[in-house]
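The values are calculated or read from the model by the stated rules, or taken from the named source; none is laboratory data. None of these values were measured; they are calculated from a predicted model. So basically every Cβ, Gly included, is an ideal-geometry build from the backbone, and we count neighbours across all protein chains shown. Note: areas computed on protein heavy atoms with side chains; ligands, DNA, RNA excluded. Shrake-Rupley method; radii C 1.70, N 1.55, O 1.52, S 1.80 Å.
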Amino acid sequence: MKQRILIIGSGFAGMWAAVSAARVADLQGASGLEIAVISPKPEMGVRPRFYEANVRTLTADLRPLFAALTIRHIAGSVESIDAAGHKVDIMSETGERQTLAYDRLIVAAGSHLRPAGAAGIAEYTFNIDSMDAAARLETHLQQLTQQPASDARNTVVVCGGGFTGIELATELPGRLQSLFGDDTKIKVIVVERGDRIGGRYSQAMREVISEASAALGVEWRLNSSVESVDASGVLLTSGERINAATVVWTAGVTASGLGTDLKGERDAQGRFVVTPLLQLPDYPDIYATGDMAHAKTDDLGNTALMTCQHAIQLGKFAGHNAAASLLGAETLPYRQEKYVTCLDLGTWGAVYTEGWDQQLKLVRDEAKTLKTAITHELIYPPAANREAAFAAADPLAKFV
Ligand SMILES: Cc1cc2nc3c(=O)[nH]c(=O)nc-3n(C[C@H](O)[C@H](O)[C@H](O)COP(=O)(O)OP(=O)(O)OC[C@H]3O[C@@H](n4cnc5c(N)ncnc54)[C@H](O)[C@@H]3O)c2cc1C
């Protein structure tokens, strides 16, 4: 009987895991290995671009790539993992169930916004965590153009001043201006619990974020938390009320809850703490990767972040190791010593840093050119060509 590697998720990590596993099978001449990816659709949502307009276009069709590499796609969502029985339960979009056995399982189901506690968040806030959510925000902003101009219509409150919040807030003045007209007075306000703009970044990066915010007119409310949200705006715990037709929640991400019943340690973000080969310590035939893996990147104490930069490499190592362990090839402990940050800052430009201490390397237009190259090319799937895809899927090939 054919051996099977099952991969849950077709995001950055799942897609690269499949290509990397196919590469090992090719190198080993193992035509009998089935590589199957389970996800709702045979596509990869380009989540790092979900703050942009035209969000429905920000997806990559994986069918040509999977066809070229003989990777099977199974449309559906995994509902449960039976680790003892080595099988998963899958539900299709039309409600049909099936159970599929695996020899190796790679869990790459990603992450989502952590539900927040304040009143009104579920009912009245938008978010850009998924394609559908970002599309709802886009439709809402377009519909606002039909409403008479008012301060509230022209105001967007972005809750959370982390990476996603900053990229969205600095993108919005340009987006709103093109929707409402250049003469309209736009207001974008970031509500942030911390006491500094760009609090968890290096000082050099924080200064750039502050400069860009000031130039774009993006206001920050620091040391501020949301008390409640309603149809006409936000009440902060300080007592300040901000009237706004649009409130976007960006704070707090947690790993997919898939496999919560499996034994083993999870970190504060809900990620599986994995071995150097990215296995679950209690289940050597199950690998966790991408936003679902808490993995050491080096010997200096750094761990992978929930970024596509890490998800891509984690995916390549997980796919390699799952296939190598089945086919008797050499496995590779995950390492990713280089770390860069490239933050979009709307029409002002961008900022690019290198290292975990975030040393400033590029700002404004130069950084923007790099950011565009990263988000429009580098993070997209490889061409549907065996040679090119396998070269890119080598976990030891240069990445960033
Ligand atoms: C708005 C936004 C901006 C971001 N900006 C950046 C950035 O600038 N730089 C950066 O490096 N990172 C950025 N990130 C983070 C980056 O997008 C994630 O780290 C990355 O998507 C993680 O990849 P992944 O493959 O682990 O998960 P995902 O990309 O989330 O993919 C998960 C996959 O699993 C599937 N899935 C989920 N549950 C199931 C199930 N039960 N059964 C089957 N399939 C399932 C999904 O459909 C999807 O195909 C951003 C994220 C967001 C939301």
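Remarks
- Exposed loop sites here are trypsin sites (Lys or Arg not before Pro) assigned a DSSP state other than H, G, I, E or B and surrounded by at most 11 other beta carbons within 10 Å; excluding them, the longest clear run of the chain is 3-184.
- Across the alpha-carbon atoms of the chain, the computed radius of gyration and Dmax are 21.9, 68 angstrom.
- Here region 53-170 yields Rg over Rh of 1.08, to two decimals, using C-alpha coordinates and the Kirkwood radius.
- Subtracting the Cα-Cα distance of Glu330 and Thr347 from 0.36 nm times their residue separation leaves 1.4 nm of extension gain.
- Charge dipole (debye, nearest 20) of region 121-249; +1 at Cβ of Lys and Arg, -1 at Cβ of Asp and Glu: 140
- Counting charges near Ile197 (Lys, Arg +1; Asp, Glu -1) among other residues having Cβ under 12 Å from its Cβ returns a value of -1.
- One quarter of the convex hull surface built on the alpha carbon atoms of region 223-307 amounts to 8.2 nm², the projected area averaged over directions.
- Mean separation of Cα contacts under 8 Å (6+ apart) over length of the chain, as relative contact order %: 21
- The chymotrypsin sites (Phe, Trp or Tyr not before Pro) of region 44-118 include none that meets both criteria, a DSSP state outside H, G, I, E and B (loop) and at most 13 other C-beta atoms within 10 angstrom of the site's C-beta.
- Inter-probe distance in nm under a simple model that places probes 7 Å from Cα toward Cβ, at Met1 and Ala119: 5.7
- Relative contact order, whole percent, for region 121-249 stands at 32, derived from Cα pairs under 8 Å and 6 or more residues apart.
- Region 121-249 - share of DSSP beta bridges that are antiparallel (%, nearest 5): 35
- Computed with a 1.4 Å probe over protein heavy atoms only, the accessible surface of the chain comes to 44 Å² per residue.
- Positive-end residue, region 283-400 charge dipole about Cα centroid, Cβ charges, pick of Tyr339, Ile374, Leu396: Ile374
- Longest exposed-site-free window of the chain, the sites being GluC sites (Glu not before Pro) in a DSSP loop that have at most 15 other C-beta atoms within 10 Å: 97-239
- Available extension along the chain between Asp89 and Asp132 is 13.0 nm, counting 0.36 nm per residue and deducting the alpha carbon span.
- Note on Val340 and Ala67: their simple-model spin labels are 3.3 nm apart, each label 7 Å out from Cα toward Cβ.
- Take the Kirkwood radius over Cα pairs of region 121-249, plug it into Stokes-Einstein at 37 °C and 0.692 mPa s, and you get 221 µm²/s for translational diffusion.
- Think of region 121-249 as a dipole: +1 on every Lys or Arg Cβ, -1 on every Asp or Glu Cβ, centred on the Cα centre; then among Asn127, Ala244, Ser210, Ser210 lies furthest on the positive end.
- Across region 256-381, C-alpha contacts under 8 Å between residues 6 or more apart give a mean separation that, scaled by the residue count, equals a relative contact order of 15 percent.
- With the cut-off at under 13 Å, measuring from each backbone N in region 317-348 to a point 7 Å along the Cα-to-Cβ line of Leu396 picks out 330-335.
- Unit charges on C-beta of K, R, D, E only; dipole of the chain, Debye: 300
- FRET E, pair Tyr380, Thr57, Förster distance 22 Å, beta-carbon r, rounded to 0.05: 0.95
- Note on Glu207 and Ser31: the extension gain reaches 57.9 nm, defined as 0.36 nm multiplied by sequence separation minus the Cα-Cα distance.
- For the chain, with +1 on Lys and Arg beta carbons and -1 on Asp and Glu, the positive-most of Ile286, Val253, Leu62 along the dipole: Leu62
- Over 24 Å apart at the Cα level, from the set Lys41/Lys368; Lys41/Lys371; Lys87/Lys263; Lys41/Lys338; Lys263/Lys296; Lys87/Lys398, are Lys41/Lys368; Lys41/Lys371; Lys41/Lys338; Lys87/Lys398.
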